[in-house]
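The values are calculated or read from the model by the stated rules, or taken from the named source; none is laboratory data. From a predicted model like this one, the values you see are computed outputs, not experimental measurements. Ideal geometry is used to build each Cβ from the backbone, glycine not excepted, and the neighbour counts take in all protein chains shown.
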There are 2 protein chains.
Amino acid sequence: MRYGVLGTGMVGQEIATKLAALGNEVCMGSRGQDNKQAKAWVERMGKNGKTGTFAEAARFGDVLVNCTQGSHSLEALRTLDKNDVSGKILIDVANPLDASRGMPPILSICNSDSLGESIQREFPEAKVVKALNTVNCRVMTDPKRVPGEHDLFICGNDQAAKKAVTTLLREFGWKSIIDLGDITSARATEQLMPIWLRLWGNLGTADFNFRIVRA
Amino acid sequence: MRYGVLGTGMVGQEIATKLAALGNEVCMGSRGQDNKQAKAWVERMGKNGKTGTFAEAARFGDVLVNCTQGSHSLEALRTLDKNDVSGKILIDVANPLDASRGMPPILSICNSDSLGESIQREFPEAKVVKALNTVNCRVMTDPKRVPGEHDLFICGNDQAAKKAVTTLLREFGWKSIIDLGDITSARATEQLMPIWLRLWGNLGTADFNFRIVRA
């Protein structure tokens with residue numbers, strides 16, 4: 001499978017590396033064409049790794065993964081040709097964190113809207129699946145870093161797309177995946193950031209996750 | 001100990017009943033003086049139960065518990081005499097849920113502020129501790145309804161007040177209580193409502209809770 005991973009930061013690097021390690025061809029997209037992080041990544045990856053602009057990565061991928069910084073994701077995604085997104089699964093991993101007003105960051109969009117929904121509105125023909133945004137990037141691709149049972153949340157409007165993403169997440173090692181429903185549930189998972197950030201400070205490690213315990 | 005429980009709904013009834021069962025004197029406060037739910041509760045409780053206005057309950061209690069509907073809590077609390085609140089622990093159990101724009105409710109305040117902080121600002125001399133707002137009211141007073149290990153979150157500016165509330169919560173049966181820091185962390189726990197509400201629909205039971213699993 002061909003993946004277009006948008007974003008060259010820690011999250012993009014983790015996801016792109018995992019996808020390539022699973023035998024996929026991956027194009028890492030960045031704002032400009034001469035992104036040093038993307039080029040260094042391609043050198044490490046060998047034949048399964050490519051780099052290009054956001055638009056080129058979107059054209060390349062059968063499946064797209066938004067790993068751009070959440071507060072700038074819409075701006076980044078607007079550089080794509082809509083024809084390169086239509087009909088494709090777009091996994092949105094980003095959180096719209098805004099640190100411009102101090103730490104911990106607040107959300108630049110929340111409550112009655114979310115980044116996931118905003119992306120779905122911008123690309124109505126895409127199959128947006130919100131996933132992986134509730135754990136640290138190293139846990140995303142290696143859930144065993146957190147011992148025992150813990151849960152990943154996904155949501156999206158397209159059932160088949162969620163099923164395909166679930167299959168991929170199981171390849172990443174995820175065992176318990178809770179489908180929260182349509183893309184409006186991106187509000188729910190993005191709003192886990194405030195407690196996630198405080199727990200991170202409190203626990204002194206990013207290797208933690210939520211488990212839903214029920215009767 | 002004397003408690004003033006503000007609010008006569010399901011949450012107020014659960015908390016007031018538990019506090020009375022633990023041997024405390026409890027005054028359940030309501031908007032008007034002739035609240036039927038409060039009077040019926042007093043009849044069931046016998047000598048440990050009293051009823052009055054919000055202001056009378058606040059005067060009565062050594063410790064106050066805000067169980068009013070979160071989107072109207074500030075309005076309700078503004079009927080109290082500030083002298084009856086100053087220096088006291090005020091446990092804020094409410095979530096600022098607003099269902100006026102449809103279901104699931106959104107938050108009437110969130111992200112860069114919270115109900116817990118708003119109450120602390122309104123009563124700077126009170127020791128506001130946010131607690132219990134992340135579980136269903138029956139789980140609040142009987143955490144064993146959810147099997148195994150799961151966590152309760154508290155926050156507030158006053159360490160001694162948090163310690164006293166922690167002692168009370170242990171009497172309720174809570175074993176794992178995570179202190180998230182000062183009252184600004186009320187943002188984090190109140191923003192668990194969007195995922196809590198979706199999980200409630202998804203799981204078909206309110207007997208569930210969050211567990212933080214860590215390495």
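Tell me, please, whether a residue that is modelled with pLDDT of 95 or more and farther than 21 Å from residue B:172 by Cβ can be found in segment B:14-34. Yes, segment B:14-34 has at least one match.
If we scan segment A:137-151, do we find a residue that is of a type in the set (Ser, Thr, Tyr) and closer than 27 Å to residue A:55 by Cα? Before the answer, list the steps.
Just the residues of segment A:137-151 that are of a type in the set (Ser, Thr, Tyr), to begin with: A:141.
Okay, now just the ones that are also closer than 27 Å to residue A:55 by Cα, so A:141.
Among the residues of segment A:137-151, at least one is of a type in the set (Ser, Thr, Tyr) and closer than 27 Å to residue A:55 by Cα, which makes the answer yes.
Only one of B:75, B:56 is of a type in the set (D, E, K, R), touching a Gly at 6+ places or on another chain (Cβ under 8 Å) and not in a strand (DSSP E or B); which? Full working, then the answer.
Values: B:75 fails: touching a Gly at 6+ places or on another chain (Cβ under 8 Å).
The unique qualifying residue is B:56.
Residue pairs whose Cβ atoms lie under 7 Å apart, separated by 6 or more positions or on different chains, with the first residue in segment A:1-21 and under 16 Å from residue A:35 (Cα atoms) and the second part of a helix (DSSP H, G or I) and among the aromatic types (Phe, Trp, Tyr), are A:4/A:60; A:6/A:54; A:13/A:41; A:16/A:41. For the subset of segment B:148-195 comprising residues that are more than 10 Å from chain A (Cβ to nearest Cβ) and of a type in the set (Lys, Arg), which member is farthest from residue A:203 (Cα to Cα)? Filtering segment B:148-195 for residues that are more than 10 Å from chain A (Cβ to nearest Cβ) and of a type in the set (Lys, Arg), the one farthest from residue A:203 (Cα to Cα) comes out as B:170.
On the basis of being closer than 20 Å to residue A:165 by Cα and touching a Pro at 6+ places or on another chain (Cβ under 7 Å), does residue A:115 make the cut? Don't jump to the end; show me each part of the working.
Values: closer than 20 Å to residue A:165 by Cα: yes; touching a Pro at 6+ places or on another chain (Cβ under 7 Å): yes.
In short, yes.
Determine, yes or no, whether residue B:83 is without any contact (Cβ under 8 Å) to a residue 24 or more places away in the chain and under 14 Å from residue B:126 (Cβ atoms). In short, yes. Residue B:113 satisfies every condition listed in (1) within 11 Å of chain A (Cβ to nearest Cβ); (2) not in a loop (DSSP other than H, G, I, E, B) except (2). Filtering segment B:171-188 for residues that are out of contact with any Leu (no Cβ under 6 Å at 6 or more places or on another chain) and without any contact (Cβ under 8 Å) to a residue 24 or more places away in the chain leaves an empty set. Within segment B:130-168, the set of residues being of a type in the set (A, V, I, L, M) and buried (at least 21 other Cβ atoms within 10 Å of the Cβ) comprises B:131, B:132, B:135, B:139, B:140, B:146, B:152, B:154, B:165, B:168. Among what's in segment A:154-167 and is among the aliphatic types (A, V, I, L, M) and either touching a Gly at 6+ places or on another chain (Cβ under 9 Å) or in contact (Cβ under 8 Å) with a residue 40 or more places away in the chain (or both), pick the residue that is nearest to residue A:120 (Cα to Cα). Checked segment A:154-167; the qualifying residue nearest to residue A:120 (Cα to Cα) is A:161. Put simply, of A:177, A:119 the only residue that is surrounded by fewer than 18 Cβ atoms within 10 Å (Cβ to Cβ) and either touching an Asp or Glu at 6+ places or on another chain (Cβ under 8 Å) or part of a strand (DSSP E or B) (or both) is A:177.
A Cβ distance below 7 Å, combined with a sequence gap of six or more or placement on separate chains, defines the contacts here; from segment A:197-215, residues that are touching a residue at least 24 places away in the same chain (Cβ under 8 Å) reach residues that are buried (at least 17 other Cβ atoms within 10 Å of the Cβ) and part of a helix (DSSP H, G or I) in the pairs A:198/B:185; A:198/B:188; A:207/A:139; A:207/A:145; A:208/A:199; A:209/A:139; A:212/B:199. Within segment A:128-145, can one find any residue that is outside any helix (DSSP H, G or I), at positive phi, away from every other protein chain (no Cβ under 11 Å) and not hydroxyl-bearing (Ser, Thr, Tyr)? Scanning segment A:128-145 turns up at least one residue that is outside any helix (DSSP H, G or I), at positive phi, away from every other protein chain (no Cβ under 11 Å) and not hydroxyl-bearing (Ser, Thr, Tyr). When the test is whether a residue is part of a loop (DSSP other than H, G, I, E, B), closer than 17 Å to residue A:9 by Cβ and of a type outside the set (Asp, Glu), residue A:51 does not pass it.
Looking at segment A:36-48 only, could you name the residues that are under 14 Å from residue A:9 (Cβ atoms), in contact (Cβ under 8 Å) with a residue 12 or more places away in the chain and surrounded by fewer than 18 Cβ atoms within 10 Å (Cβ to Cβ)?
Going residue by residue through segment A:36-48, those that are under 14 Å from residue A:9 (Cβ atoms) are A:36-38, A:40-41.
Applying the additional criterion that residues be in contact (Cβ under 8 Å) with a residue 12 or more places away in the chain yields A:37-38, A:41.
Matches in segment A:36-48: A:37 only.
Among residues of segment A:198-214 being more than 7 Å from chain B (Cβ to nearest Cβ) and outside any helix (DSSP H, G or I), the one that is modelled with the lowest pLDDT is A:204. So, in segment A:78-101, exactly how many residues are assigned to a loop (DSSP other than H, G, I, E, B) and of a type in the set (Asp, Glu)? Of the residues in segment A:78-101, 1 are assigned to a loop (DSSP other than H, G, I, E, B) and of a type in the set (Asp, Glu).
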